[in-house]
């Protein structure tokens, strides 16, 4: 049940950011749930491989290249989902940064509410 609740919170964060950012759009809340699910799966399966493959560049840039990896994951989700679109890599990087901040904020509210 906790996983479903976190997924719904992530979908809420995706939907809110898509309404705030001009370069990101989500057609409906159901699409936001699908985006949250696909991003979770991509972060679980694809991101570790990308991080390992780009490790030299990540070390050279002192970890900043991970922002590009996160943006690529967002663009990959854009390619898989019809109701979700991101204009370019810069919007994807901004979306991933804000999504991470909003997710951590929402989860901290949940932990403080218990």
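Observations
- Computed over the alpha carbons of the stretch 2-113, Rg followed by Dmax gives 14.0, 41 Å.
- Placing R0 at 25 angstrom, the Cβ-Cβ distance between residue 66 and residue 2 gives a FRET efficiency of 0.40 after rounding to 0.05.
- Axis angle, to the nearest 10 degrees, between helix 65-80 and the longest C-alpha principal axis of the chain: 60 degrees.
- In degrees, nearest ten, helix 2-20 long axis to first principal axis of the chain (Cα): 80
Rule-based calculations on the coordinates, nothing more; no lab input. Since the structure is predicted, the reported quantities are computational estimates derived from the model, not experimental observations. All Cβ positions, even for glycine, are placed from backbone atoms using ideal geometry, and neighbour counts span all protein chains on display.
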